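Below is one structure, written out as structure tokens, with a few remarks after it.
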Amino acid sequence: MTQASRTTKPRKNSAFKNLMSIHWWMFYCYIILFFGGASMARLPRDFWGRNSLYDFHKTVGVLTMALLTWRILTLLQVWWKKYTKRLPKYSPEWMQKFALHTSLYTFMWAVPVSGFFFSNSFQSNNVRFLGIILPDLFPQNSALVELGRNLHFWLAYTFLAFIILHTLDQRKVVKGFWRRITKRRTKSS
Ligand code: HEM
Ligand code: HEM
């Protein structure tokens, strides 16, 4: 077995593969949330279908919270398998990656929670998942609506900045994706 296959094989077969599968499902959800959220917030109040778009945004947001719980459990499984064998080398690269991933997890939790804070402050029983009314996480309070709106806005776009940072950090993978897409295009043409 070569050195390369020895280092890549366990990752491909293990819980890490499940973790990355959740990673990409959540990535698709975030694309919908960012494009949908930014568009719906700019629609006129009386726009037909605006409420349905808000409900859809909240449904996808709640879905990411469920996926996040599953992701954290899978991450714990990955860590358990990896770090019970040997502890990580606390190199500056490891620390940097750990800090970036921890920030991303913090935003994956805080952004939807701020969405709840905003929606619940505005009106009680205002968050639905596939049409089912979810219990309030925060009390209705009209004095906090603007704070909720600002929190959700700033947390969401700071999260986006961290996602861009992470994508730049993974530029080798992005280049690989790009090469595969262009190869497929030239083959089919
Ligand atoms: C929606 C935005 C994204 C978020 C929130 C995110 C978050 C994360 C997190 C927290 C990890 C650590 C593994 C885990 O716990 O899941 C990770 C790993 C990874 N991400 Fe992302 N990611 C996003 C988008 C992207 C994009 C656009 C790429 C493009 C290449 C990418 C490539 C990767 C790769 C290759 C890994 C594995 C790194 C390793 O080998 O340790 N991610 N991501
Ligand atoms: C990770 C999950 C989420 C992301 C990334 C996200 C992202 C966004 C973005 C980018 C906007 C547009 C902000 C603007 O440009 O003004 C937005 C708006 C909004 N989001 Fe979310 N959101 C998420 C989850 C949620 C959840 C769970 C709820 C409610 C329970 C929610 C409720 C809202 C509402 C009501 C607006 C409209 C704001 C307005 O009218 O000014 N979001 N969201």
remark   = Of the listed links LYS17/LYS183; LYS89/LYS183; LYS81/LYS183; LYS97/LYS175; LYS85/LYS183, those spanning more than 29 angstrom between alpha carbons are LYS89/LYS183; LYS81/LYS183; LYS85/LYS183
request  = Describe numerically, in nm with one decimal, the distance between label points set 7 Å from Cα along Cα→Cβ at PHE47 and at LEU73.
outcome  = 3.7
key: Cα-only radius of gyration and Dmax that characterise the stretch 84-175, units Å   = 17.9, 53
message = Rolling a 1.4 angstrom probe over the protein chains, ignoring ligands and nucleic acids, what is the accessible area of THR64 in square angstrom, nearest 10?
response = 0
query = Given the Cα-Cα distance of SER188 and SER21 and 0.36 nm per residue of separation, how much length would full extension add, in nm?
reply = 57.4 nm
key: Within the chain, longest stretch clear of exposed trypsin sites (Lys or Arg not before Pro) (DSSP loop, no more than 11 other Cβ within 10 Å)   = 90-189
query = In the full protein assembly as shown, how much of HIS166 is accessible to a 1.4 Å probe, in Å² to the nearest 10?
reply = 30
key: Chain lengthening between LYS81 and ILE31 when straightened (0.36 nm per residue, less Cα-Cα)   = 14.9 nm
query = So how exposed is SER142, as accessible area in Å² (1.4 Å probe, rounded to 10)?
reply = 100
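By how many nm would the segment from ILE181 to ILE163 lengthen if fully extended, with 0.36 nm per residue of separation less the alpha-carbon distance? Intermediate values should be presented prior to the final figure.
Details: separation 18, 0.36 × 18 = 6.48 nm, distance 2.18 nm.
Difference between extended and current length: 4.3 nm.
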inquiry  = Run lengths n ≥ 4 of DSSP H only: what is the helix-derived mean residue ellipticity at 222 nm for the chain, with -39500 (n - 2.57) per run over all residues, to the nearest 500?
reply    = -27000 deg cm²/dmol
key: Ellipsoid semi-axes in whole angstrom, largest first, where each is sqrt(5λ) of the Cα gyration tensor of the chain   = 36, 22, 16
query = What's the longest bit of the chain with no exposed chymotrypsin sites (Phe, Trp or Tyr not before Pro), using DSSP loop states and at most 15 other Cβ atoms within 10 Å as the test?
reply = 91-189
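The values are calculated or read from the model by the stated rules, or taken from the named source; none is laboratory data. On a predicted model such as this, the values are computed, not experimentally measured, just so you know. Neighbour counts run over all protein chains shown; Cβ positions are idealised from the backbone, glycine included. Keep in mind that these areas ignore ligands, DNA and RNA; they rest on the heavy atoms of the full protein, side chains included. Shrake-Rupley method; radii C 1.70, N 1.55, O 1.52, S 1.80 Å.
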